[in-house]
Amino acid sequence: MKQLPNVMSILRIAGSISLLFCDVKGWPFWTIYVLCGFSDILDGWMARKLHAESKTGAILDSVADIIFVVCCAAQLLQMVEIPVWLWTWAGVIAFIKIVNQISALVVCKRFCFPHTWANKLTGILLFLAFPVVFWTVILIAIVAVIATFAAVQEGHFIRTKQANCF
């Protein structure tokens with residue numbers, strides 16, 4: 001029973017990859033999308049309730065999150081006209097995240113993906129924003145503001161050794 005949260009993360013990875021083979025306009029894509037999103041919420045909650053929190057589980061959750069975002073982006077962003085300024089902003093956020101991991105390797109001697117409230121809020125908003133990306137770029141810009149704060153905060157926590165590194 002204590003492995004259930006890890007199994008959910010592994011299933012989220014498989015579900016995320018399967019999104020690459022689904023038509024974005026079809027119900028299978030959105031069903032898998034919603035299941036993956038809810039499994040992200042449930043696996044952490046279950047790990048805490050079952051007292052099954054582990055470094056492996058935290059790493060699996062972070063890897064599953066990254067794969068989910070990348071697979072969704074690969075499918076959805078090709079269907080939307082994204083302004084150059086927003087692509088640039090996303091690049092800046094990605095750059096900050098890469099610098100954070102380099103800092104974690106220097107400071108902690110390992111990768112570090114802090115599960116801060118700002119990172120969790122960014123994840124929830126990305127999950128909610130993807131379906132409406134077809135209607136407005138403004139919502140994505142709001143998420144980008146929060147994601148920028150989360151990335152900067154994450155770097156601060158890593159460099160000041162406040163982050164719980166794996």
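The values are calculated or read from the model by the stated rules, or taken from the named source; none is laboratory data. As the structure is a computational prediction, the values presented were derived from the model and not from experiment. All Cβ positions, glycine included, derive from the backbone under ideal geometry; neighbour counts span all protein chains shown.
Report, by residue number, each residue of the stretch 136-166 that is under 17 Å from residue 107 (Cα atoms) and either assigned by TED's automatic domain parsing to the domain that holds residue 57 or of a type in the set (S, T, N, Q) (or both).
Those that are under 17 Å from residue 107 (Cα atoms) and either assigned by TED's automatic domain parsing to the domain that holds residue 57 or of a type in the set (S, T, N, Q) (or both): 153, 160, 162, 164.
Looking for whichever is among the small types (Gly, Ala, Ser), over 16 Å from residue 143 (Cα atoms) and loosely packed, with under 14 Cβ neighbours inside 10 Å here; the options are 74, 64, 94. Which one fits?
Working: 64 fails: loosely packed, with under 14 Cβ neighbours inside 10 Å; 94 fails: over 16 Å from residue 143 (Cα atoms).
Within the list 74, 64, 94, the selection yields 74.
Do we find a residue being β-branched (Val, Ile, Thr) and farther than 20 Å from residue 160 by Cβ anywhere in the stretch 107-117? Break it down stepwise before answering.
Applying the first criterion (β-branched (Val, Ile, Thr)) to the stretch 107-117 yields 107, 116.
Pick out the ones that are also farther than 20 Å from residue 160 by Cβ and you get none.
No, the stretch 107-117 contains no residue that is β-branched (Val, Ile, Thr) and farther than 20 Å from residue 160 by Cβ.
Right, residue 122: among the polar types (S, T, N, Q), out of contact with any Phe, Trp or Tyr (no Cβ under 6 Å at 6 or more places or on another chain) and surrounded by 14 or more Cβ atoms within 10 Å (Cβ to Cβ) or not? Give the steps one after another, and end with the answer.
Numbers: among the polar types (S, T, N, Q): yes; out of contact with any Phe, Trp or Tyr (no Cβ under 6 Å at 6 or more places or on another chain): yes; surrounded by 14 or more Cβ atoms within 10 Å (Cβ to Cβ): yes.
Yes, satisfied.
Okay, residues lined up against (1) of a type outside the set (Phe, Trp, Tyr); (2) in the same structural domain as residue 164 (by TED's automatic domain parsing); (3) at pLDDT 90 or above:
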position	(1), (2), (3)
12	yes, no, yes
45	no, no, no
87	no, yes, no
98	yes, yes, yes
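With respect to residue 127, is the statement that it is surrounded by 13 or more Cβ atoms within 10 Å (Cβ to Cβ), in the same structural domain as residue 26 (by TED's automatic domain parsing) and under 21 Å from residue 17 (Cβ atoms) true? Outline the logic, then answer.
Values: surrounded by 13 or more Cβ atoms within 10 Å (Cβ to Cβ): yes; in the same structural domain as residue 26 (by TED's automatic domain parsing): no; under 21 Å from residue 17 (Cβ atoms): yes.
For residue 127, the condition - surrounded by 13 or more Cβ atoms within 10 Å (Cβ to Cβ), in the same structural domain as residue 26 (by TED's automatic domain parsing) and under 21 Å from residue 17 (Cβ atoms) - is not met.
Looking at this structure, is residue 54 touching a residue at least 24 places away in the same chain (Cβ under 8 Å), hydroxyl-bearing (Ser, Thr, Tyr) and more than 21 Å from residue 17 (Cα to Cα)?
Values: touching a residue at least 24 places away in the same chain (Cβ under 8 Å): yes; hydroxyl-bearing (Ser, Thr, Tyr): yes; more than 21 Å from residue 17 (Cα to Cα): yes.
So residue 54 fits the description; yes.
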